[in-house]
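Q: Sending over a structure as C-alpha cells; questions will come in a sec.
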Amino acid sequence: MGLIFPRLPNVGQAQRPLFSLTGAATAHAVLIALVAVAVPADELKQALRPLAVRLVDALPELPQSQAIKPPEAPKQPRTPPPPENLLTSSAVSDSPPAFTAPPPPSPMPAAPVNVAPAPEAITAPRFDADYLDNPKPVYPPTSRRLGEQGKVLLRVLVSAAGLAEKVEIKLGSSFARLDQAALEAVSRWRFVPARRGEQAIAAWVQVPVTFQLDH
C-alpha cells in the first residue's frame, strides 16, 4: 500500500513563515491518522520515523532601487501653444485716451542775488587851480647864464589835506640844477586833494615843470 503524502509547498517560492509551520503540522496529523487506520503496526512503526522538516525562510524583500519598474510610456512631444493674439479688438476708438496730467511743479523761489555796489568814481588831485596861488619855480641864474633849459616831470603824492607828502623826479631835464629847482618849488605847493565820492583821499599826480629862456 503506497503512502499518500500531502503536497508540500515549493521551497523556491517565497511564503510566509506562519503558513509554512501550520501547513506542515496539519499534514503530519492527517498522515498519522491515515496510517494508523490502514497500515499495520510494524509498518506504522517504520512510517513513524522522525521526519526532518526544514523551515523555509521568507525571501528578503528587494530594495526599492532594485525593484522591477514597469516600462515607462514614451513621452509625447509637447506641442507649443499657439501664439496669443495681441489684438483683442479690431475696432479703433476715435476718442482720445482719458488721462489726467499731473499739475506743474511749483516754481522754486529765486535765490537772492547780492549785487555789489558800483565803485564810486575817484577824482584825481589838482595843482592848476587859480585860488591855490602856487609860485613858479625859480630859474637858476647859472643855468640861465649857461643857456640851460628843459622840462622836468615830477611825481607827487598828495595827501588828503592837499599837501605834497612825497615828490619824485620821474623824467629829468638833463640838467641837475633845473631838476633840483623844480623839486624844491613843487614841494611847497598846495593841491586839491583827490576824492572818492565826497571823501578826500591821498593819491599820486604828475606835475610837469618847464624851464625856457626868453630871447
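Any read-out appearing in this document is the output of simple, stated calculations on the displayed coordinates, not a laboratory observation. Everything numeric in this text was worked out from a predicted model, so none of it was measured. Note that we place each Cβ from the backbone using ideal geometry, even for glycine, and neighbour counts take in every protein chain shown.
Q: In sequence order, what are the phi-derived ³J(HN,Hα) couplings for the range 203-210 according to the Karplus relation 6.51 cos²θ - 1.76 cosθ + 1.60 with θ = phi - 60°, rounded to whole Hz, with x for glycine and proline?
A: Per residue, the Karplus-derived 3J(HN,Hα) values read 7, 8, 8, 9, 10, x, 10, 10 Hz.
Q: How far, in nm, would the chain grow between Thr210 and Glu184 when pulled straight, counting 0.36 nm per residue and subtracting the alpha carbon separation?
A: Going from the current span to full extension adds 8.0 nm.
Q: A further question follows. Within 12 Å, Cβ to Cβ, of Thr142, how many net charges do the neighbouring residues add up to if Lys/Arg are +1 and Asp/Glu are -1?
A: With Lys, Arg at +1 and Asp, Glu at -1, the neighbours total +2.
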